[in-house]
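**Q** Let me begin by handing over the structure; questions about it come next.
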Amino acid sequence: MIRFYKEKDYTAMSYRAASFIAAQVLNKPASVLGLATGSSPIGMYEELAKKVADGKITFQHATSVNLDEYYGLAPEHDQSYRYFMEQNFFSKVDIPHERTFLPNGLAADAAAECARYDALIDSLGGIDIQVLGIGRDGHIGFNEPGAAFIPGTNHVKLTDDTIDANARFFASADDVPRYALTMGIRAIMQAKTILMVANGAGKAAILEAAFFGPVTPEVPASILQLHPNVIVCGDTDAMAEIEKNHPGVFAN
Ligand code: GLP
């Protein structure tokens, strides 16, 4: 089942998304949270930090596993996803640092690191709620469009479109790493709940394709149509194509 929430702006989208994470840790303090980077979830992380500061929720008993990391970037690099998570979430909430996990972008043996990461997720009992953004080519994590869905954590070559989209965070496109380590489709699909956040007109077409088009590895997010419990929180701009062509689907 997919529930779509259309919110008036980024702030409202972030607030809505944060409410699902808050409910998750209230219901199960020792939740395993699958976390994501990108600009889309930043507001949600801010809202969650406020809820922790206000004493409404705690992440003291939670564990986090992130979706992906650039391959070749040190955790201290200001564009690494470890750094992003420290800046935007871990340092602002009370989650124990030793229970925050990301793939190791400096692992010498990428295949061994992928296997280690899958074993880690399994040892945690899988993910309770997985936060996802969506790339404008339909990627989730760094699972790029391709000929097949890749089940396990994998070492992936980024597409030109993704390098181009992420170049804004680097001095130039040349500085964007060409490879990443990403959680695969199996761990994502085994998460009990999927929480996607998407904002801005640039996501409108791909959101419609992902949730109303064919299920195909050419649009990796389309596999989510087969997941039993998906929540999609978007702002009006991101939801524009869905609203135009499938106006009855919204939960709010
Ligand atoms: C990156 C990340 C994805 C993210 C996507 C969209 O490539 N690996 O996890 O969902 O970009 O980013 P944004 O939210 O900034 O649009």
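Rule-based calculations on the coordinates, nothing more; no lab input. This is a predicted model, so every value here is computed, not measured. For neighbour counting, all protein chains shown are included, and Cβ atoms are generated from backbone atoms with ideal geometry for every residue, glycine included.
**Q** Rounded, prolate or oblate for region 1-153? Axes are the square roots of the Cα gyration tensor eigenvalues, ordered a ≥ b ≥ c, and the cut-off for rounded is a/c under 1.5.
**A** prolate
**Q** Still on this model: Quick one: Karplus J couplings for region 44-57, per residue in order, coefficients 6.51, -1.76, 1.60, θ = phi - 60°, nearest Hz, x for Gly and Pro?
**A** 5, 4, 4, 5, 5, 4, 4, 5, 5, 4, 7, x, 7, 9
**Q** Near the amide H of Arg3, under 5 Å away, which other amide H atoms are found, from residues 5 or more places off or on another chain, if H is placed in the peptide plane?
**A** Val230, Ile231, Val232
**Q** Arranged from highest to lowest average of other beta-carbon atoms within 10 Å per residue, in what order do the peptides 129-135, 26-32 appear?
**A** Ranked by mean Cβ neighbours within 10 Å, highest first: 129-135, 26-32.
**Q** Can you classify region 67-168 as rounded, prolate or oblate using the Cα gyration tensor, where a ≥ b ≥ c are the square roots of its eigenvalues, rounded means a/c under 1.5, and otherwise it's prolate if a/b beats b/c and oblate if not?
**A** Taking the square roots of the gyration eigenvalues as a ≥ b ≥ c, region 67-168 is rounded.
**Q** Rounded to the nearest 20 debye, what is the charge dipole size of region 174-252 about its Cα centre when +1 sits on each Lys and Arg Cβ and -1 on each Asp and Glu Cβ?
**A** Here region 174-252 has a charge dipole of around 380 debye.
**Q** Using amide H atoms built in the peptide plane, which far-off residues or other-chain residues are under 5 Å from Gln130 H to H?
**A** Gly34, Thr193, Ile194, Leu195
**Q** OK, next. What's the lysine pair count for the chain at a Cα cut-off below 17 Å, pairs eight or more apart or interchain?
**A** Counting lysine pairs in the chain gives 11.
**Q** Quick check on the chain: of the DSSP beta bridges with both residues there, what percent are antiparallel, nearest 5%?
**A** That works out to approximately 25 percent antiparallel.
**Q** Rounded if a/c is under 1.5, else prolate if a/b is larger than b/c, else oblate: which is region 71-126, with a ≥ b ≥ c the root eigenvalues of its Cα gyration tensor?
**A** In terms of gyration-tensor shape, oblate.
**Q** Also, quick follow-up: Report the one residue of Ser123, Thr216, Pro75 whose Cα lies farthest in the direction of the positive end of the charge dipole of the chain (charges on C-beta: Lys and Arg +1, Asp and Glu -1; origin at the Cα centre).
**A** Of the options given, the answer is Ser123.
**Q** Under the rule of -39500 (n - 2.57) per DSSP H run of 4 or more residues, summed and divided by the residues of the chain, what mean residue ellipticity at 222 nm is obtained, to the nearest 500 deg cm²/dmol?
**A** Roughly -9500 deg cm²/dmol at 222 nm, from the helical runs in the chain.
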